[in-house]
Amino acid sequence: MKLVLGLGVTGFSIARFLTQKNVTFKVADSRQQPEFLSEFLSEFPEVEVLTGDWQSLLLEEVDEIFISPGVAQNESIVIWAREKNIEITSDIELFSRYAQAPIIGITGSNGKSTVTQLLGEMAQTSGKKTEIGGNIGKPALECLGDDVELYVLELSSYQLDYTKKLNLLTGVVLNITPDHLDRYESFEHYTASKLSLYQHCQNLVINIDEPLIPRKASAIHFGMDMPKCDQDFGTVTCHGSCYFLKGDDVLLGVDEMQLIGEHNVANILAALTLGDQIGLDMSVMTSCIKTFKGLEHRLEWVAHKQGIEFYNDSKATNALSSVTALKALINKHENIVLIAGGAAKDESYADLFELIDRDVFGVVLIGESAAEFDKGIRNAQTIQAQDMTEAVNLAKGMVNNGVVLLSPGCARFDNFEHRGDVFKQAVLAV
């Protein structure tokens, strides 16, 4: 008997896959009313579903657990399973058992969704039947297909934690900054989780600007400086303009990309390096870069209204993401009003507050962290809002010409997509 732990998007995909393979399983979730419970019962009326606090009886007659990434390693059910030597498998490892095409793995604290989507579109434009998924878009198991020629997967640290076997053609750890520390004993454990991706790679792509990633002589490298060999990717500034390079070869100008911010220069270098590793045509890749507008909810331009540019960066769920977004806009605009707040993570917000005090005109604070953030911000004008509609209206009233940026730096009780959608609706209603 197999046990599926967690009845979210991933758990649902595992259940569908096991059903297709005629594997007997049951499902458990620690929540009394999981979000997809009614849909699951309708689709799988014969499957046993147990909800509520974990019970050790769940493990009786179970020989393998397929686990959702939302179930932490320190939860009792995981500890009991390991004490009984029951195999615990991620959906990613299960996917890898059946995938017949090469797999590209992308992880990092920030930027992994952008790089995954861009690389996937580069491959699709090159004519390869490519599936994009994992921690972005479709769950990995829903990407499987006999006609697929390439899989491009975003992988979270949670997924990697439960993955022991994974056959990646190539992969990259984009960067490592403190995040999800409520799930890890220390930052060092979180770092080790991210770096474990390289254990599964035939070919390594390494960001030489990230000090926490060990250097490998056999790897292909990218970074913001001039490449040191013909196979590596980087940039050079000449006569006031910046260019992407492979070795000494100029590929295109940085000002030709649609995305903004130095962090997106690094993201594009990562996508170029991975694409080159799998043999994508360089002219196709550079054409994709020129037209790629980025992801929804990631520094997404929403509208220009009453002299104000509105940007939706709801996917910024940690401090560094908000710092990165602000720096990208500070270089292009004056009079920035930030909408920030939510459920603050266990991390330092000192750098974010310092940047706000130095370069941000005003801040509208929302969510449970509003009072805490208000204490940390000393110079910039602050005001608190009860909901997103009020936050947008207050932010709009703080500037005549400038930028309103939603970049919360925090998680939310439901999800960043909903938060971003509500922000955009409020902006369009202005």
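Taking the Kirkwood radius as the inverse of the mean 1/r across Cα pairs, report the Rg/Rh of the range 300-428.
Expressed as Rg/Rh, it is 0.91.
Using alpha-carbon pairs under 8 Å, 6+ residues apart, how would you state the relative contact order of the chain in percent?
RCO, the chain: 11 percent.
For a protection proxy built on the mean count of beta-carbon atoms within 10 angstrom, sort 138-148, 36-46 highest first, please.
Ranking, from highest mean packing down: 138-148, 36-46.
Go ahead and set up a Gaussian network model of the chain, Cα springs under 10 Å, then flag whichever of Ala217, Ala316, Ala370 fluctuates most.
Highest fluctuation of the listed residues: Ala217.
Mind counting lysine pairs for me in the range 300-428? Cα separation below 17 Å, and the two need to be 8 or more apart along the chain or on different chains. Don't skip to the end; give the middle numbers.
Values: Lys305/Lys396; Lys305/Lys424; Lys315/Lys327; Lys315/Lys345; Lys315/Lys424; Lys345/Lys375; Lys396/Lys424.
So the count works out to 7.
Counting other beta carbons within 10 Å of each residue's own, what order do His200, His189, His239 fall into, fewest first?
In order of increasing Cβ crowding within 10 Å: His239, His189, His200.
Using the Cα centre as the reference, give the magnitude of the dipole from point charges on the C-beta atoms of the range 36-102 (Lys, Arg: +1; Asp, Glu: -1; all else neutral), rounded to the nearest 20 debye.
Around 280 debye, computed over the range 36-102.
Largest first, please: the extent of the C-alpha atoms of the range 95-291 along each principal axis, to the nearest Å.
That works out to 49, 42, 30 Å along the principal axes.
Just how many % of Cα pairs in the chain lie over 36 Å apart, if you round to the nearest whole percent?
More than 36 Å apart: 31 percent of the Cα pairs in the chain.
When Rg is the radius of gyration of the Cα atoms in the range 2-85 and Rh is its Kirkwood radius, what does Rg/Rh come to? Working shown, then result.
Values: Rg = 11.9 Å, Rh = 12.9 Å.
That ratio equals 0.93.
Starting from the Cα of Lys228, draw a straight line to each of the lysines and keep only those under 17 Å, dropping any in the same chain fewer than 8 residues away.
Partners within reach: Lys216, Lys246.
Which trypsin sites (Lys or Arg not before Pro) in the range 314-418 pass both tests, a DSSP loop state and at most 15 other beta-carbon atoms within 10 Å? Don't skip to the end; give the middle numbers.
Values: sites: Lys315, Lys327, Lys332, Lys345, Arg358, Lys375, Arg378, Lys396, Arg412; in loops: Lys315, Lys332, Lys345, Arg378, Arg412.
Counting only loop positions with at most 15 other Cβ atoms within 10 Å, the trypsin sites (Lys or Arg not before Pro) in the range 314-418 are Lys332, Arg378.
Nothing charged except the Cβ atoms of Lys and Arg (+1) and of Asp and Glu (-1): what's the magnitude of the dipole of the chain about its Cα centre? Round to the nearest 20 debye.
Taking the Cα centre of the chain as origin, the dipole is about 520 debye.
All of the numbers you see were taken from the coordinates with simple rules; none came from a lab. This is a predicted model, so every value here is computed, not measured. Reconstructed Cβ throughout: ideal geometry from the backbone, glycine too, with neighbour counts over all protein chains shown.
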